[in-house]
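Asker: Starting off with a structure, shown below.
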Amino acid sequence: QVQLVESGGGLVQSGGSLRLSCAASGSIFSIYTMSWYRQTPGKERELVASITFAGSTNYADSVKGRFTISRDNAKNTVYLQMNSLDPEDTAVYYCNAEIRRTVRDYSRNYWGQGTQVTVSS
């Protein structure tokens with residue numbers, strides 16, 4: 001069994017910062033790309049940022065220059081540092097990871113339970 005557990009969400013004023021964490025645990029052979037998505041009611045889940053095992057990153061245009069994704073491979077953890085937050089960033093943020101459980105398995109995607117980020121104006 002594999003679990004992704006997010007933490008760090010909350011309420012912050014416009015212009016403030018938050019740092020999200022997502023730790024993977026369980027039967028894990030290797031973790032490839034780790035990503036953060038977000039979703040608001042009535043909208044599709046959208047990619048915010050992703051990072052490969054080697055550290056290559058990709059960001060949505062709306063967060064470039066404000067958000068930074070990073071990971072600690074020894075801890076199976078991915079982070080999202082969010083600065084200069086705007087009310088438009090209010091959403092439930094989900095962690096996603098492409099995980100291979102054993103050397104004999106193919107990799108598959110796993111999701112965290114989501115953490116609420118609310119930015120007040």
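The values are calculated or read from the model by the stated rules, or taken from the named source; none is laboratory data. This structure is a prediction, so every number in the text was calculated from the model and none was measured. With ideal geometry, Cβ positions are generated from the backbone for all residues, glycine too; neighbour counts draw on all protein chains shown. Accessible surface areas use protein heavy atoms only, side chains included; no ligands, DNA or RNA. Shrake-Rupley method; radii C 1.70, N 1.55, O 1.52, S 1.80 Å.
Asker: Give me the percent of the accessible area of the chain that comes from carbon and sulfur atoms, probe 1.4 Å, all protein chains in place.
Answerer: 46
Asker: Local charge sum around Met34 (other residues, Cβ-Cβ under 11 Å, Lys/Arg +1, Asp/Glu -1)?
Answerer: For residues surrounding Met34, the net value is -1.
Asker: From the P(r) of region 21-121, could you give the percentage of C-alpha pairs in the tail past 21 Å?
Answerer: 33
Asker: While we're here: In whole Å, how far is the Cα centre of region 47-121 from that of region 1-44?
Answerer: 5
Asker: In a shell of Cβ-Cβ distance under 9 Å around Tyr79, excluding Tyr79 itself, what net charge do Lys and Arg (+1) and Asp and Glu (-1) give?
Answerer: +1
Asker: Let me ask something else about it. I'd like to check one number: the per residue accessible area of the chain, probe 1.4 Å, reported in Å² as a whole number.
Answerer: On a per-residue basis, the chain sits at 55 Å².
Asker: Another one. Nothing charged except the Cβ atoms of Lys and Arg (+1) and of Asp and Glu (-1): what's the magnitude of the dipole of region 1-67 about its Cα centre? Round to the nearest 20 debye.
Answerer: Approximately 120 debye in magnitude.
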